[in-house]
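Let me begin by presenting the structure, written as structure tokens, before commenting on it.
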Ligand code: MF3
Ligand code: CO
């Protein structure tokens with residue numbers, strides 16, 4: 001069942017999302033060569049606690065940290081630690097928080113220092129594919145319209161969309177129905193209604209869409225070890241169209 005949020009629930013989700021957006025901006029500001037993924041995670045957790053919010057990922061199915069820090073060929077769920085960022089890397093930061101019982105979830109990818117033009121294009125195409133998906137998140141459209149919009153934009157630009165991980169509904173739980181794939185068919189799936197809140201999160205690979213999970217049970221890497229990028233927003237479907245909740 002897809003839960004529809006009331007106006008007062010949407011107000012709380014807006015608060016939750018705005019806090020998350022502000023924290024992600026702060027995190028973006030410290031990303032540079034020499035910083036470790038563990039340092040990024042510590043800052044994220046500290047900022048979340050300062051806001052009287054709770055890190056949503058820590059302890060979720062045993063996940064050990066507040067952030068997922070996914071570097072280069074890591075698609076998602078990279079575990080922060082002693083890894084030091086270096087010039088030319090790309091890093092995706094995925095962060096979720098719970099505030100007054102409502103979750104928000106967002107991610108971005110950036111280059112570390114100077115990155116090559118193909119990596120830059122991967123990041124831009126992934127960010128823009130999320131925007132294409134968001135544009136389709138409006139009443140009377142269907143879920144498949146979002147999926148199709150993302151996939152079409154990515155493939156038109158010569159990259160591939162990950163199949164193994166998908167976006168999701170979000171609300172009083174981090175993951176609610178429905179699943180929001182980044183591939184699919186126009187006009188298929190559930191009809192979108194005002195009050196639905198979706199985490200739309202394209203994961204885009206430079207080479208093959210296929211990925212595998214490492215021994216740690218979390219880290220997902222591209223099968224060909226080529227780069228991968230990830231952007232995510234928590235988006236409410238309003239009468240007059242999509243509203244991005246995870247923005248300032
Ligand atoms: N944004 C990802 C998701 O919604 C992050 C989850 S990481 C986990 O699935 F640790 F919480 F699983
Ligand atoms: Co998510």
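Observations
- Cβ-Cβ FRET estimate between residue 179 and residue 157, R0 fixed at 25 Å, reported to 0.05: 0.55
- Volume of the convex hull of the range 78-118 (Cα atoms only), normalised per residue: 91 Å³.
- Each Cα pair under 8 Å and six or more residues apart adds its separation to the average, and for the range 1-143 the resulting relative contact order is 23 percent.
- Area projected by the alpha carbon convex hull of the chain, averaged over all directions, nm²: 12.0 nm²
- Put a dot 7 Å past the Cα of residue 190, heading toward its Cβ, do the same for residue 11, and the two dots end up 2.5 nm apart.
- Zone residues, the range 2-40, relative to residue 86, backbone N less than 11 Å from point 7 Å out along Cα-to-Cβ: 34
- Its relative contact order, with pairs defined as Cα atoms under 8 Å and 6+ residues apart, puts the range 7-244 at 21 percent.
- Given R0 = 25 Å, the distance between the Cβ atoms of residue 26 and residue 172 translates into a calculated FRET efficiency of 0.45.
- Inter-part distance where the range 206-238 and the range 141-200 are each reduced to a Cα centre, Å: 15 Å
- Among 114-120, 13-19, 216-222, 102-108, the peptide with the highest mean count of other Cβ atoms within 10 Å heads the list, and the full ranking is 102-108, 13-19, 216-222, 114-120.
- Gain on full extension, evaluated as 0.36 nm per residue between residue 214 and residue 46 minus their Cα-Cα distance, stands at 57.7 nm.
- Separation of the residue 124 and residue 239 label points, Cα + 7 Å toward Cβ, nm: 3.9 nm
Values quoted throughout were computed directly from the atomic coordinates according to the rules given, and no laboratory measurement underlies them. Please read all numbers here as calculations on a predicted model, not as lab measurements. Positions of Cβ are generated from backbone atoms using ideal geometry, with glycine treated the same way; all protein chains shown enter the neighbour counts.
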